[in-house]
1. Please give me, ordered by residue number, the trypsin sites (Lys or Arg not before Pro) of segment 206-268 that lie in loop per DSSP and have at most 13 other Cβ atoms within 10 Å.
2. Compute the orientation-averaged projected area for segment 166-232 from the convex hull of its Cα atoms and round it to one decimal in nm².
3. Using a Förster distance of 25 Å, how high is the FRET efficiency between V418 and T455, based on the Cβ-Cβ distance and rounded to 0.05?
4. Relative to a virtual label point 7 Å from the Cα of H103 in the Cα→beta-carbon direction, which members of segment 62-85 show backbone nitrogen distances below 12 Å?
5. Using alpha carbon centroids, what distance separates segment 192-247 and segment 104-183, in Å?
6. Cα atoms only, segment 207-271: Rg and Dmax in Å?
7. Going highest first, how would you order 368-374, 465-471, 437-443 by mean Cβ packing within 10 Å?
8. By per-residue mean of other Cβ atoms within 10 Å, what is the highest-first order of 51-64, 446-459, 320-333?
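None of the figures in this text is laboratory data; all of them are computed from the coordinates on show. This one's a predicted model, so the numbers in the text were calculated from it and none came from an experiment. Here the Cβ is made from the backbone with ideal geometry for all residues, glycine too, and neighbour counts use every protein chain on show.
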Amino acid sequence: MDRDDHPASHASTLISHHDLGLTQSTRSAATPKKRKSATSHRASTAPVGTKTFILDTNVLLHDPASLQKFAEHEVCIPVDVLSELDRFKNEMTERGANAREAHRALTKIFSAPDASVLEGVKTLGGGKLRLLTYDPDAANRIPSIAEFQRIFPESGKIDHRILAAALLLRDQVSPPVILVSKDLNMQLKARAVGIECEDYLHDKVEQRDVSNFDIARIEVSSHELQRFASSGRLSIPANRVGDVMTNDYVLLMSGDKTSMPAKMNGQGELVRLMQTPESLKVGQGRSIKPMNLGQTCLLDALLDPEISLVTCYGQAGTGKTLLAVAAGLSQVFSRTYNGMTISRPIVAMGQTVGFLPGTLQEKMRPWLQPVYDALDLLMRPVENIQGPQRKKNRFLPDRPPAKPEVAAPYDPLIQQGVIEIEALCYIRGRSIPDRFFVLDEAQQLTPLEAKTVVTRMSRGSKLVLVGDPAQIDNPYVDSRSNGLVYTRQRMRGQPFAAHLPLAKGERSPLAEAGARLL
């Protein structure tokens, strides 16, 4: 299987400076003797305490800016990585755009008059960046390379050339020499021949930030809770608040049975939820009311005009999409926003049915069917009649009269542009003002794709990212590196951003048990 065909070879998992050990570490004070190098014909002159990192192709395809994210350490790019980037640069995809950006970044770094691609150029963090060449004829004389070629005889594969270059560099410079790759198979091969290997985790969140779906609880006295109930505000010492930040939701508890939800405001005070109605109703449709604490807090954030970014994750059936669509429709009908835009990443679960015919709306419909279900539930009039509910037929204006179709209550809003169906592949370059934007299944996004969506929002718009980090079909991200959790981590604490985890499923007892046990 070729590297570009391997799902994990361009996966989207990233390394933090802490995980890479990008702090000063003890190292032998003895300066290594200079020896002839088959890669750059020079010995390592890296300062004591620094490390040498070799970047695999998939790291640059995932984050072209990774070249400047290794602080004071030395970064090496094998020339075979450049060959792989060249294969992807003409793709009209996010991967192709990142390959072109990586080429531009390298060209800019090495364009200085005194720059040497083999000797290295200083990076912004005080480290060094250089290209790494591999000469098989010179390398064959090194025992570790000869042993490697016996284990992996296919010396022409780019994977194996990069691994051989890492072994050769390890023989020339002081340790540690670390290969940074997002390809799981490449990591296993590296460890099999004794090469230290790390994942790239720069924008990967901590496991506790993904696995914890509970709203924080703060113990207060009965007097404090009574004061909060009467005034709607409560100031308590920072040591009792913990890591609660602006727009974080908490549950104030006095004993085992008395509690009230609250939100941290920008002044460090806990305030009462002010935006939560008993229920939401759009036209003649069904009334939607929050069923648990998490949904109550989510609805408050969705209806708060001061919050322009809401991230929410929870397991299947917790009401993420339904509440987001209900809050959006309610505010569109009240003229808070000019309309609602709905989108979702196009990532299939398992085998697909091939290309879909029709208009953009018709192509997107299978992907957005859960949203259409929510729209239908919220807007279809509730008729108090016996027997099954009947739907009236109508003729869509853009279809032949011989093909009558069942009317949907939201169709006029779509035709008028009040509800807009957006494909993410066409969102780059747009500016979206005064819209309530719902992005469903946001856990399928890469961090760079999430950045693209966030930066499209103009004044007066609100962006809602919902998803379940445990349900990922995109082979390039995982539960800790996807765009949803990345956006939540980077935006947390901003005065315009709020995050809500939903833990309790409300779809049905069967769905709740399935999400928890299967």
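1. Of the trypsin sites (Lys or Arg not before Pro), the ones in loops of segment 206-268 whose Cβ has at most 13 other Cβ atoms within 10 Å are K257.
2. It is 8.8 nm².
3. 0.55
4. Residues 82-85 qualify, since their backbone N sits under 12 Å from the label point.
5. Segment 192-247 and segment 104-183 have Cα centres separated by 42 Å.
6. Taking only Cα atoms of segment 207-271, I get Rg and Dmax of 11.8, 38 Å.
7. Output ranking for 368-374, 465-471, 437-443: 437-443, 465-471, 368-374.
8. Highest mean packing first, the order is 51-64, 320-333, 446-459.
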